[in-house]
């Protein structure tokens, strides 16, 4: 996996957890899913500019600059500007990768299984996650902090549990911890938010990963964030 591909994969995984979660006194997984979906419905579309810094070991930092548009559950567009010009568009069950220099387009059809995965991730489909993880919730008394814990149903030699920390006052997920099979944290993500047009959206995330022997830090700044500006469907034309 080259560095550009790795960036898109990592960013997609991070974006899965960026949506706000609503507070409930008697919290359950089902309540979180229901409130999450209600909050997500406030964001009809979103645009942002991303500045990403990737540091791995003692090597020189790698800079990535790009733009992203999202609309609904099945439309997205990512334009990479630095270090190379490339655009990736997803619209329904199709995606296209465009090399801006050569103009070459590669179109792919997303199969039903992959499409379900993408839609489930975008709206926090509780049944989808229940198929893969045993889920539970615990609270930190007095701090309005809730922890959603997911343990893989199938035992893995590498992956252990995942914890998502939820701020019950601002109703957002602020931290994600991914453990290895020996219960040691191998990836940690911290997320900062800003309220824009009535919705909390991410403005900064920092991920530190020691997975598979890596020592990597990924810092993403989301700038010029715009919500519900009425993005045209033409932006996602394939």
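FYI, it's all coordinate maths here, none of it is from the lab. None of the values given here were measured: they were computed from a predicted structure. Here the Cβ positions follow ideal geometry from the backbone for every residue, glycine too, while neighbour counts run over all protein chains shown.
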- request: Can you tell me the FRET efficiency between residue 29 and residue 102 if r is taken as the Cβ-Cβ distance and R0 is 41 Å, rounded to the nearest 0.05?
  value: 0.30
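Of the peptides 100-111, 206-217, how do they stack up when ordered by the mean number of other Cβ atoms within 10 Å, highest first?
206-217, 100-111
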- prompt: Using the scaling law 2.2 N^0.38 Å as the reference, what is the normalised Cα Rg of the range 174-225?
  reply: 1.37
